[in-house]
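Okay, so here's the structure we're looking at.
The values are calculated or read from the model by the stated rules, or taken from the named source; none is laboratory data. Here the structure is a predicted model, which is why all the values come from computation and not from measurement. Please note: Cβ atoms are built from the backbone with ideal geometry, for glycine as well, and neighbour counts cover all protein chains shown.
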Amino acid sequence: MSTGVWLIGARGSVAVTSVLGALAVRAGLADPTGCVLETPGLRSEALPGMGELTFGGHDVSSIPMAKKAAALAEAGIVPARTAEAVQDALLEVEQDVRPLPVRDTQAEAADAIAADLDRFRRRHRLDRVVVINVSTTEPAPPPHPAHTDL
């Protein structure tokens, strides 16, 4: 079952680390340690394997995923040799990362987002696309008196 994974915040640390890890497992550079669905007792034909995942997404950042992976490696978060080994695959994923559409109305923005998802699904002939929000959290709203009392 071919499954698209559309990441909101695709160029952020969480997304890049996740994609890098999946690509490393797929390439045999890392074991699927911690990947519950890759455990023998839980593996199922109904669930996609690492090789059946295609990544894409939206982001407001223009920093390429490969550059973010290099920064994560420099910070010691991911192994540098792994980031370097999957760089070409990250460049392929980057082709499916789009700027977050900004339109005059929310309805127009939603239509543009849906069109990006549909293009991604058709381009890769995916059976389904799962959207995961790994974007940076929004800042907390300023304190308001109503927040102090139920």
**Asked** For Asp88, are the conditions met, namely being under 12 Å from the mean Cα position of the chain (by Cα) and charged (D, E, K, R)?
**Response** no
Every listed condition ((1) over 23 Å from Arg123 (Cα atoms); (2) within 18 Å of the chain's Cα centre (by Cα); (3) of a type in the set (S, T, N, Q)) holds for Ser44 save (2)
Taking first residues from region 71-98 that are surrounded by 14 or more Cβ atoms within 10 Å (Cβ to Cβ) and of a type in the set (Asp, Glu) and second residues anywhere that are modelled with pLDDT under 95 and not in a loop (DSSP other than H, G, I, E, B), the pairs with Cβ under 8 Å that are 6 or more apart or on different chains are none
Item to check | Thr39 modelled with pLDDT under 95, among the hydroxyl-bearing types (Ser, Thr, Tyr) and farther than 20 Å from Val14 by Cα | outcome: yes
Can you find even one residue in region 10-18 that is among the polar types (S, T, N, Q) and more than 19 Å from Ser135 (Cα to Cα)? no
Pairing a residue in region 37-65 that is more than 19 Å from Ala27 (Cβ to Cβ) with any residue that is in a helix (DSSP H, G or I) and among the charged types (D, E, K, R), where Cβ atoms lie under 8 Å and the two sit 6 or more apart in sequence or on different chains, gives His58/Asp116; Pro64/Glu94
Q. Based on what the data block shows, is Ala109 touching a helix residue (DSSP H, G or I) at 6+ places or on another chain (Cβ under 6 Å) and of a type outside the set (S, T, N, Q)?
A. no
**Prompt:** Does at least one position in region 10-26 carry a residue that is touching a His at 6+ places or on another chain (Cβ under 8 Å) and at pLDDT 95 or above?
**Reply:** yes
Scanning region 1-34 for residues that are assigned to a strand (DSSP E or B) and not small (Gly, Ala, Ser), the one surrounded by the most Cβ atoms within 10 Å (Cβ to Cβ) turns out to be Leu7
Ile63 passes all but one of the listed conditions (1) β-branched (Val, Ile, Thr); (2) more than 20 Å from Arg125 (Cα to Cα); (3) surrounded by 13 or more Cβ atoms within 10 Å (Cβ to Cβ); the exception is number (3)
